[in-house]
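Derivation of every value follows stated rules applied to the coordinates shown; laboratory data play no part. For clarity, every value in this text was computed on a predicted model and none was experimentally measured. Neighbour counts are summed over all protein chains in view; Cβ atoms, including those assigned to glycine, are modelled from backbone coordinates with ideal geometry.
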Amino acid sequence: VPEDLADKLLLASWGLPKAVLEKYHSLGVVQMFEWQAECLMLGQVLEGRNLVYSAPTSAGKTLVAELLILKRVLETRKKALFILPFVSVAKEKKCYLQ
């Protein structure tokens, strides 16, 4: 991992509230994969620009989407629409994000 990217792998580096970090930590998520951090640092994606990315099933795509949504909602105080492919996943995320 390049030295300039190592810090960005930690969830705590992204300015998320303590409660959000604690929730992720309770689920065993403390850091991201390198490709996830790279997605978040692309262009102006953190300022609301579009991002299209692809990865295999269970690779961590949802974490990227969650972090982007959480940061934007918390920073702009606007609502977000999170579209998920299955009812079971939607129910899981609803409980998780509340």
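So if a site counts as exposed when it's one of the trypsin sites (Lys or Arg not before Pro), its DSSP state isn't H, G, I, E or B, and it has at most 11 other Cβ atoms within 10 Å, what's the longest stretch of the chain without one? Display every interim value, and only then the final one.
Working: sites that count: 49, 77, 78, 79.
Looking at the chain, 1-48 is the longest stretch - no exposed trypsin sites (Lys or Arg not before Pro) with at most 11 other Cβ atoms within 10 Å.
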Quick check: residue separation of residue 82 and residue 41 times 0.36 nm, minus the Cα distance between them. What number comes out in nm? 12.7 nm
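Under 15 Å from the Cβ of residue 52, count the other residues' Cβ atoms, weight Lys and Arg +1, Asp and Glu -1, and hand me the total. Please report the intermediate quantities before stating the final value.
Working: positive: 49, 61; negative: 38.
Neighbour charge sum, excluding residue 52 itself: +1.
Using DSSP to define loop residues, name the chymotrypsin sites (Phe, Trp or Tyr not before Pro) in the stretch 40-98 whose beta-carbon has at most 16 other beta-carbon atoms within 10 Å. Walk me through the numbers before you get to the answer.
Working: sites: 53, 82, 86, 96; in loops: 53, 82, 86.
Counting only loop positions with at most 16 other Cβ atoms within 10 Å, the chymotrypsin sites (Phe, Trp or Tyr not before Pro) in the stretch 40-98 are 53, 82, 86.
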Show the residues, 5+ positions off or on another chain, whose built amide H is closer than 5 Å to the amide H of residue 31. 11
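Tell me, what is the percent relative contact order of the chain, built from C-alpha pairs under 8 Å that lie six or more residues apart?
On the way: 50 pairs, mean separation 19.5, N = 98.
Relative contact order, the chain: 20 percent.
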Can you tell me the Rg and the Dmax, both Å, for the Cα atoms in the chain? 13.3, 40
